[in-house]
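Every number here is computed from the coordinates shown, using simple stated rules; none is lab data. What you see is a predicted model, and the numbers here were worked out from it, not measured in a lab. All Cβ positions, even for glycine, are placed from backbone atoms using ideal geometry, and neighbour counts span all protein chains on display.
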Amino acid sequence: MKNIYFIGFMGVGKSTISYRVSRILKKKIIDTDRELEKRQGKAIHEIFTEKGELYFRKLESELLREISQQTDLIISCGGGMILKEENRKLMKDSGIVVLLTATINTIYRRVALNDRRPLLKGKKTKAHLRAMYSKREPIYKELADIEVSINRKTVSMISEEVITKVKEKENHV
Ligand code: S3P
């Protein structure tokens, strides 16, 4: 079976939902941020501070190049994975792309919960989130095969919706 890639803005719950979906479907999961942290022995924000965003993006693309060669994986992508054309092509060619969406209010509430995200350091305002989101939104939408909103839904509801839509998609290709 093709890989399932989860994409979407920071805070939409890509990691949580992809873990749940991987448990239900009994498939192996790779969370790109966690995998990079494991390999580098550093937190994402430390990689950003010590080596910069460009270096992080390079690691991210190398990892995607490697894992997209495999099949039957659930892959939770960092929110910026879609920024490079090369990454978008790898995802499109090797899997089904699931976009999780949420309103800015929901994202704002969720990213406020921790300080792990380097791109929001000192800038956790709705205006900043809205500006970033509107730049990325067309890219997310263009790439997605399936779109699921997380607003006012539980983890179980979202996961079931994703699985149903993935199955429908598989039956139509
Ligand atoms: C990023 C999102 C983060 C992480 C890094 C950059 C982005 O992942 O990869 O901080 O550019 O949107 P999450 O989407 O899991 O927060």
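Within the stretch 1-44, how many residues are of a type outside the set (A, V, I, L, M, F, W, C), within 17 Å of the chain's Cα centre (by Cα) and either exposed (fewer than 14 other Cβ atoms within 10 Å of the Cβ) or within 14 Å of the ligand (Cβ to nearest atom) (or both)?
16
Select, from LEU64, LEU100, the only residue that is within 16 Å of the ligand (Cβ to nearest atom), more than 25 Å from GLU161 (Cα to Cα) and under 14 Å from the mean Cα position of the chain (by Cα). First the steps, then the outcome.
Working: LEU100 fails: more than 25 Å from GLU161 (Cα to Cα).
Step by step, each of LEU64, LEU100 is checked, and only LEU64 is within 16 Å of the ligand (Cβ to nearest atom), more than 25 Å from GLU161 (Cα to Cα) and under 14 Å from the mean Cα position of the chain (by Cα).
Where residues in the stretch 53-102 are of a type in the set (S, T, N, Q) and in contact (Cβ under 8 Å) with a residue 60 or more places away in the chain, which of them is nearest to LYS26 (Cα to Cα)?
Among those residues, the one meeting the criterion is THR71.
What residue, among those in the stretch 126-173 that are free of Cβ contacts under 8 Å to residues at least 12 places away in the same chain and among the β-branched types (Val, Ile, Thr), is surrounded by the most Cβ atoms within 10 Å (Cβ to Cβ)?
Of everything passing the filter in the stretch 126-173, THR164 is surrounded by the most Cβ atoms within 10 Å (Cβ to Cβ).
Please name all residue pairs, on different chains or six or more residues apart, with Cβ atoms under 6 Å, provided the first residue is in the stretch 6-22 and is at positive phi and the second residue is within 9 Å of the ligand (Cβ to nearest atom) and of a type outside the set (S, T, N, Q).
GLY8/LYS14; GLY11/VAL111
Please specify each residue of the stretch 56-91 satisfying the condition of being loosely packed, with under 13 Cβ neighbours inside 10 Å and among the hydroxyl-bearing types (Ser, Thr, Tyr).
THR71
Quick one: in the stretch 108-133, which of the residues that are in a helix (DSSP H, G or I) and among the charged types (D, E, K, R) is nearest to the ligand (Cβ to nearest atom)?
Pass one, the stretch 108-133, residues in a helix (DSSP H, G or I): 108-111, 118-120, 126-133.
When the remaining residues are screened for being among the charged types (D, E, K, R), the result is 109-110, 126, 130.
Working: ARG109: 14, ARG110: 10, LYS126: 16, ARG130: 14 Å.
For the stretch 108-133, the residue satisfying everything is ARG110.
Please note which helices (runs of 4 or more DSSP H) are completely contained in the stretch 4-107 and include at least 3 residues that are more than 23 Å from ILE146 (Cβ to Cβ) and out of contact with any Lys or Arg (no Cβ under 6 Å at 6 or more places or on another chain).
Numbers: elements: 14-25, 32-40, 44-51, 53-67, 85-94.
Per the criteria, 32-40, 44-51, 53-67.
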